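Novice: The following block contains the structure, expressed as structure tokens.
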């Protein structure tokens, strides 16, 4: 059966359409993609309520931004968005389950949290990620948000988590002010840490940094996903035009490897 989506926000490329999924079938397609990437590819332990779908309590409160292949009418990328108003109804942001965000959430303004980002393995190039960012930029601009935030995942290498080595690759100006440093609820255990960086900084985190985001504080260990998460915060006033043009301008390249979070 063909699904013809309707949306308040759309961004078009030659092949891809980015939109907010309102139809239940599209939301379920995004949840199925998330399950395939996170559980079947990455081996994450998902506490889902439905077999074959990545479903949790946040889904009902979030907007689901998806990228579709217009030729196949197929969901090939997705991320979910939780606004300050939606988080207030839910009672918390997802990031609060991993970090103490008291300093961050005391900032004046509206927050938009990004999470559960993934792309179909057949489409992991710059075009799909750029399409997601284009739709996200439209959403943030339309909603008059002040800050973008979320958890960016870094998988372990063969020897473990190279926390210190990874942080040496993050420039001082990319770490944010001291007043906004967050505290992880579950720090990476000492026995899981190693000295040699065998994974590098993943493409999604690289994209955040290129857009001017800060990495705020030490990482949290996510046992279910077997990864370490860093908290990122982007003051949307700091989002320079040159960053957006640089990233979105790569939509036709296929230079980025698989990107999930």
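Novice: Which of the residues spanning segment 51-63 are in a loop (DSSP other than H, G, I, E, B) and free of Cβ contacts under 8 Å to residues at least 12 places away in the same chain?
Specialist: Result: 51, 56.
Novice: Here's something else I'd like to know. May I ask you to say which residue of 89, 80 is in contact with a strand residue (DSSP E or B) (Cβ under 9 Å, 6 or more places away or on another chain) and either under 22 Å from residue 24 (Cα atoms) or surrounded by 17 or more Cβ atoms within 10 Å (Cβ to Cβ) (or both)?
Specialist: Result of the check over 89, 80: 80.
Novice: Hey, another quick one. So residue 237 clears everything in (1) over 28 Å from residue 40 (Cα atoms); (2) surrounded by 15 or more Cβ atoms within 10 Å (Cβ to Cβ); (3) touching a residue at least 40 places away in the same chain (Cβ under 8 Å) except one condition, right? Which one?
Specialist: Only one criterion in (1) over 28 Å from residue 40 (Cα atoms); (2) surrounded by 15 or more Cβ atoms within 10 Å (Cβ to Cβ); (3) touching a residue at least 40 places away in the same chain (Cβ under 8 Å) is unmet by residue 237, namely (2).
Novice: Mind listing whichever residues of segment 168-216 are assigned to a helix (DSSP H, G or I) and either closer than 25 Å to residue 38 by Cβ or in contact with a strand residue (DSSP E or B) (Cβ under 8 Å, 6 or more places away or on another chain) (or both)?
Specialist: Correct list: 174, 180, 191, 192, 203, 204, 205, 206, 207, 208, 209, 210.
Novice: If I filter segment 101-146 down to residues being under 14 Å from the mean Cα position of the chain (by Cα) and part of a strand (DSSP E or B), which single residue comes out as surrounded by the fewest Cβ atoms within 10 Å (Cβ to Cβ)?
Specialist: Once the filter is applied, the top-ranked residue is 115.
Novice: Check segment 64-85 and report whether any residue there is modelled with pLDDT of 95 or more, in a loop (DSSP other than H, G, I, E, B) and touching a helix residue (DSSP H, G or I) at 6+ places or on another chain (Cβ under 8 Å).
Specialist: Within segment 64-85 (the criterion being modelled with pLDDT of 95 or more, in a loop (DSSP other than H, G, I, E, B) and touching a helix residue (DSSP H, G or I) at 6+ places or on another chain (Cβ under 8 Å)), the answer is no, since none of the residues qualifies.
Novice: Scan segment 217-231 for residues that are part of a loop (DSSP other than H, G, I, E, B) and buried (at least 23 other Cβ atoms within 10 Å of the Cβ) and jot them down.
Specialist: 219
Novice: While we're looking at this one, here's another question. State which residue pairs qualify: first residue in contact (Cβ under 8 Å) with a residue 60 or more places away in the chain and inside segment 165-176, second residue assigned to a loop (DSSP other than H, G, I, E, B) in any location, beta carbons under 6 Å apart, and separation of 6 or more residues or different chains.
Specialist: Taking only residues 6 or more apart or on different chains, not a single pair turns up.
The values are calculated or read from the model by the stated rules, or taken from the named source; none is laboratory data. What you are looking at is a predicted structure, and each value in this text was computed from that prediction instead of being measured. Here the Cβ is made from the backbone with ideal geometry for all residues, glycine too, and neighbour counts use every protein chain on show.
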